[in-house]
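Engineer: First, the structure itself, so that you have it in front of you.
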Amino acid sequence: YYCYGGDQHGVACTGSSDTTSCVGLRTTSNGIKYEGGRCTRSPKARISLAPLGDRLQKSRPAKYAIDDPVWIDTPLKSTLVPLDLNNPVQIPVLGGASGMDTFLDAAGATYLIVSVFVNPTTFSHETNSVLFRLAGSSTGVKVTEVQRIPTNGAHGATVMSMPFCSSVCITELNGAFLCQQECSAADTFVFIPFHDGPTSLLLRWDEQAKVLVEVLDVPTAKPVSVTGFSYVGPASTTHYALVAQAGAASTMLRWNGTQFLAAVSPETFSKDTAGGQVLATNTAQKMMVVENGARKPLLLVSQFREAATFLSRPATLLRAQTENILGIATPTRIVIHPNGGYLYVAGYESQSIGVFSLVAGLLFASDLLTVQNAPDYTFEGLTDIAVRGDLLY
């Protein structure tokens, strides 16, 4: 018997009736001693045969609370199962299924998308993933194949709910052709990562035709899994896709209503430059967002092994840090002065240039260059800037 919890944790005691050996010694208030523990049996260790894949590492010391549960030699086993195990439903998938997900249509019908990685007959990764419709029947659940989707090494399927934007054009009375963008509140999308090839597939649910239609090919590099999440900000909601990839980097993609944006590149200038991010990982298996109360969510990355050494890698927890700067809308270019003391940000929509001083790696905002303090110039259509010597172009 040993004391569990309190400042006497680990001290030997005589038994469950021992009420003195584990009493705390540090704090006393009104005759009550705090930080006390309880006398109980030491935990038992169980040994089972298993191959040893990695070297043993010393674990961090555990911190025990007073009400920690104690190991029981014969823990109770629940007899309740929240599933009907007597009438399983067979899903007619011919191939090496690699993942699945479900969604509902507007009428409430359930659909199941199953990704297929390899054709078991030809061993080819170029095969079909399958969309099924699930409906209740007198014998249980009826499974009906709805659509076959050509895929190439499909490594899972993720259902996402995001707005979808398209251009609506009309001809006015004067004959002018006017186009504007209209966005839905939320459409159902299916992201299927292709482990083979340079791109993955994004599909959108067509409510009228009751099928998935291709939206775009998303650039990826050996993706292993995709996780979608939405960040609710003060003014708007932003949708992201976390793509865990085999190799040294994974990506976070931002949805702008028509496409997924990766890291800012020349192709995104003057369009929607608030893109995604490239994350340094080691053969990431899964990325997921962890809620963090009122703060920005955390990003958990589970990693497998380094490709070069094949040593296992620990999971990584990343923190988001964002600072909003007023006065610079739709930034299109960031340049640093040759002396390293100043940073300039070109704002396309705000028609302004932000000026910051760089001191010990920190940014300090200065005045914005705008039409107001540069009346002889206009920054309308500002897409790029450059610094050479003492001149700003």
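The values are calculated or read from the model by the stated rules, or taken from the named source; none is laboratory data. Because the structure is predicted, anything quoted here is derived from the model rather than measured. Cβ placement follows ideal geometry from the backbone for every residue including glycine, while neighbour counts extend to all protein chains displayed. What goes into the accessible areas is simple: the full protein's heavy atoms, side chains included, and nothing from ligands, DNA or RNA. Shrake-Rupley method; radii C 1.70, N 1.55, O 1.52, S 1.80 Å.
Engineer: Would you check which residues across region 278-296 are within 18 Å of Ser250 (Cα to Cα) and in a loop (DSSP other than H, G, I, E, B) and list them?
Structural biologist: Of the residues in region 278-296, the ones within 18 Å of Ser250 (Cα to Cα) are 278-290.
Selection gives Thr281, Asn282, Thr283.
Engineer: Output the strands (runs of 3 or more DSSP E) that fall wholly within region 157-209 and possess 1 or more residues being aromatic (Phe, Trp, Tyr), or say none.
Structural biologist: Values: elements: 158-162, 165-171, 177-183, 187-192, 199-206.
Result: 177-183, 187-192, 199-206.
Engineer: Further question on the same structure: Tell me which residues, restricted to region 125-182, are acidic (Asp, Glu) and within 23 Å of Ala107 (Cβ to Cβ).
Structural biologist: Glu145 - this is the single residue of region 125-182 that is acidic (Asp, Glu) and within 23 Å of Ala107 (Cβ to Cβ).
Engineer: Which is exposed (fewer than 10 other Cβ atoms within 10 Å of the Cβ) and out of contact with any Gly (no Cβ under 6 Å at 6 or more places or on another chain), of Asn128, Asn174?
Structural biologist: Of Asn128, Asn174, the one residue that is exposed (fewer than 10 other Cβ atoms within 10 Å of the Cβ) and out of contact with any Gly (no Cβ under 6 Å at 6 or more places or on another chain) is Asn174.
Engineer: For region 138-171, which residues satisfy the criterion of being over 23 Å from the mean Cα position of the chain (by Cα), of a type in the set (Gly, Ala, Ser) and under 29 Å from Pro120 (Cβ atoms)?
Structural biologist: Residue satisfying the conditions is Gly140 alone.
Engineer: Out of Thr378, Thr383, report the one residue that is at pLDDT 80 or above, closer than 18 Å to Ile328 by Cα and open to solvent by 50 Å² or more (accessible area, probe 1.4 Å).
Structural biologist: Being at pLDDT 80 or above, closer than 18 Å to Ile328 by Cα and open to solvent by 50 Å² or more (accessible area, probe 1.4 Å) holds for just one of Thr378, Thr383, which is Thr383.
Engineer: I'd like to check something: does region 80-91 contain any residue that is within 30 Å of Leu202 (Cα to Cα), touching a strand residue (DSSP E or B) at 6+ places or on another chain (Cβ under 7 Å) and at pLDDT 85 or above? Give the derivation first.
Structural biologist: So the first thing to find is which residues in region 80-91 are within 30 Å of Leu202 (Cα to Cα), and the list is 89-91.
Keeping just the survivors that are touching a strand residue (DSSP E or B) at 6+ places or on another chain (Cβ under 7 Å) gives 89, 91.
This time we only want the ones that are at pLDDT 85 or above, so: 91.
Taking every residue of region 80-91 in turn, at least one turns out to be within 30 Å of Leu202 (Cα to Cα), touching a strand residue (DSSP E or B) at 6+ places or on another chain (Cβ under 7 Å) and at pLDDT 85 or above.
Engineer: Take the residues in region 213-250 that are of a type outside the set (Gly, Ala, Ser) and assigned to a loop (DSSP other than H, G, I, E, B); name whichever of them is surrounded by the fewest Cβ atoms within 10 Å (Cβ to Cβ).
Structural biologist: Only one residue tops the list, namely Pro234.
Engineer: What do you reckon, is Phe117 of a type in the set (A, V, I, L, M, F, W, C), open to solvent by 40 Å² or more (accessible area, probe 1.4 Å), more than 18 Å from Val213 (Cβ to Cβ) and in a loop (DSSP other than H, G, I, E, B)?
Structural biologist: No, not satisfied.
Engineer: Still on this structure: Collect the residues in region 131-150 that are out of contact with any Ser or Thr (no Cβ under 6 Å at 6 or more places or on another chain) and open to solvent by less than 40 Å² (accessible area, probe 1.4 Å), keeping them in residue-number order.
Structural biologist: Hits for region 131-150 are Leu131, Phe132, Ala135, Gly140, Val143, Gln147.
Engineer: Here are some conditions: (1) over 30 Å from Gly153 (Cα atoms); (2) modelled with pLDDT under 80. Thr332 meets all but one. Which one does it not meet?
Structural biologist: (2)
Engineer: Let me ask you something else. Quick one: what pairs do we get from region 284-304, first residue open to solvent by 90 Å² or more (accessible area, probe 1.4 Å), second modelled with pLDDT under 75 and not in a strand (DSSP E or B), C-beta under 7 Å, 6+ apart or different chains?
Structural biologist: Here the result reads Phe304/Arg313, each pair linking region 284-304 to a residue that is modelled with pLDDT under 75 and not in a strand (DSSP E or B).
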